[in-house]
Amino acid sequence: MNQVGTVGLIAALAFGVFALVAGAVGGLLRSPRITRSAERSALGFFAMITLAVVALEYMILTNDFHNAYVAEHSNRDLLTYYKVAALWAGQEGSLLFWTWLLSIYSALVVWQNRSKNRQLMPYVVAVLMGTGTFFSLLVFFVANPFHELSVVSIAGTQPYAAPDGNGLNPLLQYHPMVIHPPMLYLGYVGMVVPFAFAMAALITRQLGDNWIRITRRWTMVPWMLLGCGILLGGNWAYAVLGWGGYWAWDPVENASLLPWLSGTAFLHSVMIQEKRGMLKVWNVSLVILTFFLSIFGTFLTRSGIVSSVHAFAQSNIGPFFAVFLAIILFFSVTLLFLRLDHLKSENKLDSMVSRESGFLFNNWILLALVFTVFWGTLFPVISKAVQNVTVTVGAPFFNKVAIPMGLLLLLLTGAGPLLAWRKTSFQSLKANFTLPLAVALVGGIVLFAAGVRQLYAWMTLFLSIFVAVCILGEFWKGARTRMRAAKENFLEAVYNLTMRNTRRYGGYIVHIGIVLLFVGFAGQAFKADTKGLMQEGDILTIKDYMLRCDGLVSGDNPNYEYTRALITVTKKGEAFAEMHPEKRFYKASQQPTSYVAIHPTLAEDVYVVLAGMDSETNKAIIQVFINPLVMWVWIGGFVFMLGTLMAMVPSRVEREMADMRQAQELAVRAGEGF
Amino acid sequence: MSGGRKISVASIISPASTAGHRGQLRSGFTVRPAVGRAARHSSVVTRHFWLSSLLISLFAASVAFGDNRTKPTLESLGNQLMCKCGCVAPLNQCPHFDCAEKAEMQAFLKKEIAEGKGEAVILQDVAQRYGLQVLTAPPARGFNLTVWVLPSIGLLTGLGIVVVVVRRWRHKPALDTAPGSTGDDPKLIRAVEEEMKSMRMG
């Protein structure tokens with residue numbers, strides 16, 4: 001099977017190179033035949049990479065320990081769904097997985113555009129396959145997952161099959177972790193599609209409405225998946241790493257946030273181009289930046305230039321990524337400058353207090369956040385290069401600088417949608433903002449009286465109330481109009497209102513998700529924790545909770561040995577939960593890890609860790625965290641995903657416009673003889 | 001709609017009001033008189049100046065002060081120091097059981113706290129003992145100052161540039177939006193759809 005995988009890689013490389021060249025030539029010569037050939041080669045690329053992935057996955061599932069990668073990341077006793085996840089557990093497999101997802105996106109793009117956007121497609125295919133070729137080269141020559149184990153003996157070098165593998169990293173043996181990398185990679189990889197369309201639009205000078213519409217849709221999907229992937233990663237950190245938090249501003253975490261932030265800026269500023277024909281250069285720049293940051297994030301995770309708990313082992317892959325990043329930047333920026341004349345704004349701004357200005361401020365704050373995270377993440381490398389001093393830039397820096405920016409963004413999340421296009425009058429401002437401000441002020445006073453005195457937490461909750469009232473007010477105003485005009489009940493009115501304009505109201509739902517996320521973040525200011533040594537009968541108290549240790553049990557299964565603490569939790573004297581934190585020792589990898597016990601509620605999570613055994617007293621070291629409002633982070637993420645899905649559903653008016661556009665395109669193609 | 005402005009549905013959906021001429025409605029709006037424009041402009045500039053100054057001051061204060069604690073505790077210090085064992089995690093988050101490096105650092109911190117030293121002094125002593133990289137954020141001096149200053153300068157400068165660019169780009173306002181209007185009035189959308197429907201059936 002190693003040979004099958006290797007053949008798949010070589011064939012994919014050949015298809016990729018052919019598709020890249022044929023796409024470019026087909027576009028230059030405007031040849032439909034050569035373009036079709038390039039598209040078929042992109043499908044061939046997908047097929048061959050799929051073959052390679054199937055080969056590797058087959059070897060993992062059948063415990064073929066001739067293969068070095070399988071021996072490194074899997075073992076016989078690993079559960080099946082963790083074996084599936086072993087495909088992306090290591091550097092080589094995850095790069096192959098990245099390439100496979102790129103091939104899937106490419107195939108989808110080719111299939112979706114088989115009878116439209118024919119002038120763009122040659123260059124779209126060229127860019128997609130150019131990226132695919134780079135990754136296939138990397139997989140084949142630098143990080144090949146199809147190396148066989150061998151042993152040197154008197155008879156010479158001979159193939160060798162290990163009796164068992166090292167097993168999956170224990171930190172990765174957690175259910176949400178199975179889908180976290182696929183989501184994240186789908187997000188990273190997906191950003192190549194809007195980039196490809198943007199480059200094709202620049203090359204062909206087709207910079208009208210079409211490319212921005214395509215690019216916006218193709219950005220929303222990876223943007224949603226990247227956001228979900230980031231939150232799943234936070235959930236993993238919370239449930240597995242055992243320190244009671246979900247975000248540590250780790251360099252790899254930051255690397256995933258960067259393209260998401262710039263993608264968010266693009267999804268907002270694109271509305272200005274669609275409505276007013278403005279900010280065209282800005283939007284192209286954001287698409288380039290988002291793709292650049294996606295590749296940069298991939299580079300950061302794998303190059304070893306920054307230290308991280310999440311990073312793959314150090315490798316020599318860095319210089320290749322650096323060259324690729326330089327090529328992307330040079331190519332795209334040069335093209336942008338050459339096409340500046342075609343990207344002139346069709347209108348001017350009318351007022352500082354307008355939705356356009358609101359989006360501009362929103363964009364600038366998002367980009368300031370991008371710069372802050374980028375600068376802070378890379379500063380240790382820069383410091384070493386400039387002053388030969390090793391420094392660390394961690395959570396205290398990011399919390400201090402990023403949180404105020406985040407609060408400004410939260411404010412704009414509520415205020416922005418209520419500003420009118422072109423100019424908002426003072427009467428409009430009064431009408432739209434009086435109620436939300438009043439409710440937020442009352443809420444703020446109540447919070448202060450209830451003991452919320454931490455500045456950032458108070459401001460977060462105050463702004464969350466303001467934004468929530470702004471957004472819910474929009475739903476209410478629209479629904480009320482429908483209830484009067486169409487005689488619908490409230491729920492019917494909200495449903496029909498949303499379906500009539502899914503982009504707008506789906507966007508509002510996304511904003512509600514963001515508000516819930518911020519509410520969850522605010523809870524971090526009220527964390528409490530305690531630690532103690534416990535044996536059977538011992539008691540630990542924290543806030544309103546009392547934890548009693550009912551004993552320790554030990555056991556094992558084929559995968560790991562465990563020690564489990566049996567903890568009974570009561571709250572204000574009443575039964576609350578039975579919690580069983582564990583300490584595990586994974587046999588195959590010889591690594592310990594903790595299994596955190598979490599009892600979540602909407603108000604707060606009780607989080608119990610068996611941190612170890614005290615060598616002097618032989619008692620269990622139990623650490624307890626009370627984490628307020630964490631549940632709202634996961635709920636907010638779910639609402640964010642729902643809202644994005646809703647925004648992608650074509651509304652009735654959009655469907656009619658799409659039908660008209662398709663009829664137009666068919667007429668044009670019939671005229672051109674395509 | 002109030003304010004003496006009349007906009008016909010036909011003018012909104014006419015071809016001239018779509019591609020290439022976005023947002024420019026054709027019929028029936030009044031031009032504001034020039035009297036008092038300079039005075040209004042001056043008061044707007046003054047308002048913007050004080051608003052910007054207030055925002056800048058609030059932002060700078062929040063960055064400078066944020067949620068500072070004054071009394072050092074093992075936990076507050078542990079969040080500002082990296083564990084030396086190589087786990088790449090803050091001291092309080094070191095995942096290693098019975099970590100000897102963590103225990104040694106915590107013993108040193110306890111001694112410093114017991115001596116009544118302030119947080120800044122303790123962090124300085126720790127950095128001298130273990131090296132600058134043990135701090136989770138570099139001290140704000142020398143080249144390290146850039147990590148603190150550049151993001152704030154970038155944000156505030158950028159916001160200032162946006163304000164200047166917006167003011168330079170904008171037209172004199174040619175129409176006033178109706179009170180309470182957010183540009184996507186459901187009534188208006190329904191009226192447009194009905195007219196589109198009648199155009200298709202016609």
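Taking all pairs of distinct Cα atoms, average 1/r, flip it, and tell me the Kirkwood hydrodynamic radius of segment A:312-372 in Å to one decimal place. Walk me through the numbers on the way to the answer.
Values: mean 1/r = 0.0646 Å⁻¹.
Roughly 15.5 Å, rounded to one decimal.
Report the Stokes-Einstein translational diffusion coefficient (µm² s⁻¹, integer) for segment A:526-631, Rh taken as the Kirkwood radius over Cα pairs, at 25 °C with viscosity 0.890 mPa s.
On the way: Rh = 14.2 Å.
It comes out at roughly 173 µm²/s.
To make sure I understand, if each residue's beta carbon is the centre and we count other beta carbons within 10 Å, what order do B:Leu74, A:Leu517 fall in, fewest to most? It would help to have the intermediate numbers written out before the result.
Working: B:Leu74 13, A:Leu517 23.
Least to most surrounded, the residues fall as B:Leu74, A:Leu517.
Taking every pair of alpha-carbon atoms in segment B:74-137, what share in percent sits in each 5 Å bin, from 0 to the bin with the longest distance?
Bin by bin from 0 Å, the calculated values are 4, 20, 35, 27, 12, 4.
Work out the length of the dipole vector of segment B:74-137 about its Cα centre, built from +1 on the beta-carbon of each Lys and Arg and -1 on the beta-carbon of each Asp and Glu, and round it to the nearest 20 debye.
On the way: 6 positive and 8 negative charges, 15 e Å.
For this selection, approximately 80 debye.
Translational diffusion coefficient, Stokes-Einstein: compute it for segment A:174-346 using the Kirkwood radius over C-alpha pairs as Rh, at 10 °C and 1.306 mPa s, and state it as an integer in µm² s⁻¹. Please list the in-between numbers first.
On the way: Rh = 17.0 Å.
The calculation lands on 94 µm²/s.
Beyond a 21 Å Cα-Cα separation, which of these cross-linked pairs lie in this structure: A:Lys587/B:Lys84; A:Lys531/A:Lys571; A:Lys527/B:Lys117?
Details: A:Lys587/B:Lys84 27 Å; A:Lys531/A:Lys571 18 Å; A:Lys527/B:Lys117 25 Å.
Where the Cα-Cα span goes over 21 Å, the pairs concerned are A:Lys587/B:Lys84; A:Lys527/B:Lys117.
Per-residue ellipticity at 222 nm for chain A, helices alone: DSSP H runs ≥ 4 residues times -39500 (n - 2.57), over residue total, nearest 500 deg cm²/dmol?
Details: 20 runs with 422 residues, N = 674.
Value at 222 nm, helices only, nearest 500: -21500 deg cm²/dmol.
Assuming R0 = 35 Å, can you tell me the calculated FRET efficiency for the pair A:Asp556 and A:Val152, based on Cβ-Cβ distance, to the nearest 0.05?
On the way: r = 36 Å, r/R0 = 1.02.
Computed FRET efficiency for A:Asp556 and A:Val152: 0.45.
Within a 10 angstrom radius of the beta carbon, how do A:His268, A:His511, A:His342 rank from fewest other beta carbons to most? Provide the component values of the computation, followed by the final result.
Details: A:His268 19, A:His511 23, A:His342 14.
If I rank by nearby Cβ atoms, fewest first, I get A:His342, A:His268, A:His511.
For segment A:176-252, just the Cα atoms, rotate onto the principal axes and tell me the three extents in Å, largest first.
53, 21, 15
Efficiency by 1/(1 + (r/R0)^6): what FRET value for A:Val442 and A:Val281, r their Cβ-Cβ distance, R0 = 41 Å, to the nearest 0.05? Don't jump to the answer; show the numbers that get you there.
Numbers: r = 44 Å, r/R0 = 1.08.
Efficiency, from the Cβ-Cβ distance: 0.40.
At a Förster distance of 60 Å, what's the computed FRET efficiency of B:Glu75 paired with A:Leu435, Cβ-Cβ distance as r, to 0.05?
Values: r = 41 Å, r/R0 = 0.68.
So, using R0 = 60 Å, E works out to roughly 0.90.
Taking a cut-off of 20 Å, what percent of all Cα-Cα pairs in segment A:460-572 are separated by more than that? Walk me through the intermediate numbers first.
Values: 4187 of 6328 pairs.
Within segment A:460-572, distances greater than 20 Å cover 66 percent of Cα pairs.
Using alpha-carbon positions, what is the distance between the centroids of segment A:555-619 and segment A:138-171, in Å?
First find each Cα centre; the distance between them is then 36 Å.
Got the relative contact order for chain A handy, in percent, Cα pairs under 8 Å and 6 or more residues apart?
In percent, rounded to a whole number, it is 10.
Can you list the aspartates and glutamates whose alpha carbon is less than 16 Å from that of A:Lys477, not counting same-chain residues fewer than 8 positions off?
The reachable aspartates and glutamates, counting only those whose Cα sits under 16 Å from A:Lys477, are A:Glu488, A:Glu492, B:Asp184, B:Asp185.
Could you give the nm distance between label points at A:Leu43 and A:Val333, where each point is 7 Å from its Cα heading toward the beta carbon?
3.9
Enter the mean projected area of the convex hull around the alpha-carbon atoms of segment A:458-517, in nm², rounded to one decimal.
On the way: hull surface 15.9 nm².
Its Cα hull, projected and averaged over all orientations, spans 4.0 nm².
Could you work out Rg/(2.2 N^0.38 Å) for segment B:97-176, with Rg from alpha carbons only? Please report the intermediate quantities before stating the final value.
Working: Rg = 23.4 Å, N = 80, 2.2 N^0.38 = 11.6 Å.
Segment B:97-176 yields a ratio of 2.01.
For segment A:546-588, take N as its residue count and report Rg(C-alpha) divided by 2.2 N^0.38 Å. Each step should come with its number before you reach the end.
Values: Rg = 13.1 Å, N = 43, 2.2 N^0.38 = 9.2 Å.
Dividing the Cα Rg of segment A:546-588 by 2.2 N^0.38 Å gives 1.43.
Over the Cα atoms, compute the radius of gyration (one decimal) and Dmax (the largest Cα-Cα distance, rounded to a whole number) for the protein assembly as shown, in Å.
When restricted to the Cα atoms of the protein assembly as shown, Rg and Dmax are 29.5, 102 Å.
Using DSSP to define loop residues, name the GluC sites (Glu not before Pro) in segment A:576-674 whose beta-carbon has at most 16 other beta-carbon atoms within 10 Å. Present the calculation step by step, with values, prior to reporting the outcome.
On the way: sites: A:Glu578, A:Glu582, A:Glu604, A:Glu616, A:Glu654, A:Glu656, A:Glu665, A:Glu672; in loops: A:Glu616.
Sites meeting the loop and neighbour criteria: A:Glu616.
Which percent of Cα-Cα pairs in segment A:128-209 sits in each 5 Å bin, short to long?
Reading upward from the zero bin: 3, 9, 10, 12, 14, 14, 11, 8, 6, 5, 3, 2, 1, 0.
Just want the ordering: A:Phe426, A:Phe197, A:Phe359, from fewest to most Cβ atoms lying within 10 Å of their own Cβ.
Working: A:Phe426 10, A:Phe197 30, A:Phe359 22.
Final ranking by Cβ density, sparse to dense: A:Phe426, A:Phe359, A:Phe197.
So for segment A:364-440, what percent of the C-alpha to C-alpha distances run longer than 13 Å? Don't jump to the answer; show the numbers that get you there.
Numbers: 2180 of 2926 pairs.
Summing the P(r) tail past 13 Å for segment A:364-440 gives 75 percent.
How many angstrom lie between the Cα centre of segment A:316-384 and the Cα centre of segment A:445-501?
Here the two parts' Cα centres lie 33 Å apart.
Quick one: if you stick a label point 7 Å off each Cα along the C-beta vector at A:Asn316 and A:Lys531, how many nm between them?
4.3
Any read-out appearing in this document is the output of simple, stated calculations on the displayed coordinates, not a laboratory observation. It should be emphasised that the depicted structure is a prediction, and the values quoted were computed from it without experimental measurement. Neighbour counts run over all protein chains shown; Cβ positions are idealised from the backbone, glycine included.
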